[in-house]
Each structure stands twice: as structure tokens, then as C-alpha cells.
């Protein structure tokens with residue numbers, strides 16, 4: 001797969017991907033999937049040709065950049081695209097210059113995926129949209 005990952009202002013496409021994965025597949029209530037942070041976040045979009053395959057967003061929180069809403073459509077899973085999205089988010093944070101750490105809330109089943117990318121879990125399990133999560137972080 002030769003996907004391209006870029007910063008985007010195309011929030012509509014990002015939201016379509018997120019709804020497909022989080023609402024349709026994982027049962028997240030649609031009214032909580034989109035939030036006020038979408039307006040201030042940096043959004044990344046992975047595409048191959050004109051087909052959207054995945055997205056992620058980065059929110060500033062002081063010296064911490066919080067990665068969130070990471071999703072890849074079923075057809076592109078297992079290709080390394082999820083890891084490429086995380087690396088692209090980390091690169092964006094490094095280029096920004098104000099961040100020293102990256103953080104994210106991981107679904108429990110995805111913790112090993114993020115550990116391979118240098119993240120370490122901390123804190124207690126918490127519920128986000130009915131799905132158990134733990135916080136993870138890494139230095140930039």
C-alpha cells in the first residue's frame with residue numbers, strides 16, 4: 001500500500017472515516033463522536049489516490065500533544081498505515097517545536113500496537129464511549 005499522509009482541513013472526510021470505524025463498527029454514539037476539539041485540532045488524512053483510508057488528530061495541551069481519533073478503514077488494516085499515521089503525528093509535533101511529549105488514550109486491545117511505537121501505558125483503565133481505555137505517553 002502506498003498511502004500518502006498529509007495535514008488536512010477536510011474535516012468532512014475525516015469525520016466520514018471516524019463514523020465508519022467508531023460509530024458503525026464499534027458502536028460509539030454518533031452524538032459524542034464529533035466534539036468541539038475538532039475545530040482546533042490538527043487533522044491528518046491518509047489517502048491512496050482519491051480514496052481516504054485513515055485519519056488522526058493532534059490536540060495541544062501545553063507541552064503535550066494528544067493524539068486522538070486514530071482510525072483506519074477495514075480494507076487498509078494490517079498494512080502498517082496505523083503506525084504510519086502515528087509516526088506522522090509525532091513528526092508534526094516535533095516540527096511544531098512546542099511539544100516535549102505525546103499522549104493518547106488507547107483502547108485496551110491496542111496497547112501492544114502503541115507500545116511498539118514507543119508509548120508506555122500509565123494510570124487506571126477508564127471508560128470512553130463504552131470502550132475501556134488507558135492513557136499512554138512517550139517522549140518526542
Exercise. Which residue, of 105, 65, 123, is part of a strand (DSSP E or B), in contact with a strand residue (DSSP E or B) (Cβ under 8 Å, 6 or more places away or on another chain), touching a residue at least 12 places away in the same chain (Cβ under 8 Å) and exposed (fewer than 12 other Cβ atoms within 10 Å of the Cβ)?
Worked result: 123
Problem set entry | Members of the range 128-140 that are at pLDDT below 95 and either part of a strand (DSSP E or B) or farther than 23 Å from residue 60 by Cα (or both) | 128, 130, 131
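Condition test on residue 54, is it over 19 Å from residue 6 (Cα atoms) and in contact with a strand residue (DSSP E or B) (Cβ under 8 Å, 6 or more places away or on another chain)?
Details: over 19 Å from residue 6 (Cα atoms): no; in contact with a strand residue (DSSP E or B) (Cβ under 8 Å, 6 or more places away or on another chain): yes.
No.
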For this session: Might you check whether a residue that is closer than 16 Å to residue 13 by Cα and out of contact with any helix residue (DSSP H, G or I) (no Cβ under 7 Å at 6 or more places or on another chain) occurs anywhere in the range 114-129?
Result: no
For this session: Return yes or no: is residue 59 farther than 23 Å from residue 119 by Cα and either in contact (Cβ under 8 Å) with a residue 60 or more places away in the chain or assigned to a strand (DSSP E or B) (or both)?
Result: no
For this session: Could you identify the single residue in 44, 59, 53 that is in contact with a helix residue (DSSP H, G or I) (Cβ under 6 Å, 6 or more places away or on another chain) and surrounded by fewer than 18 Cβ atoms within 10 Å (Cβ to Cβ)?
Result: 59
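What residue, among those in the range 27-36 that are out of contact with any helix residue (DSSP H, G or I) (no Cβ under 8 Å at 6 or more places or on another chain) and within 12 Å of residue 128 (Cα to Cα), is surrounded by the most Cβ atoms within 10 Å (Cβ to Cβ)? Spell out how you get there, then give the answer.
As a first pass, look at the range 27-36 and keep what is out of contact with any helix residue (DSSP H, G or I) (no Cβ under 8 Å at 6 or more places or on another chain): 27, 31-32, 35-36.
Remaining after also requiring within 12 Å of residue 128 (Cα to Cα): 27, 32.
Numbers: 27: 10, 32: 12.
It comes out as 32.
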For this session: Go through the range 2-15 and give me each residue that's in contact with a strand residue (DSSP E or B) (Cβ under 7 Å, 6 or more places away or on another chain), outside any strand (DSSP E or B) and at pLDDT 95 or above.
Result: 10, 11, 13, 14
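Which count do you get for residues in the range 68-94 that are in a helix (DSSP H, G or I), free of Cβ contacts under 8 Å to residues at least 40 places away in the same chain and touching a strand residue (DSSP E or B) at 6+ places or on another chain (Cβ under 6 Å)?
1
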Seminar exercise, completed: Note on residue 100: of the conditions (1) surrounded by 19 or more Cβ atoms within 10 Å (Cβ to Cβ); (2) closer than 13 Å to residue 65 by Cα; (3) out of contact with any helix residue (DSSP H, G or I) (no Cβ under 8 Å at 6 or more places or on another chain), unmet is (1)
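The values are calculated or read from the model by the stated rules, or taken from the named source; none is laboratory data. Quantities reported herein were computed from a predicted structural model and do not represent experimental measurements. Cβ coordinates were reconstructed from backbone atoms using ideal geometry, including for glycine residues, and neighbour counts include every protein chain displayed.
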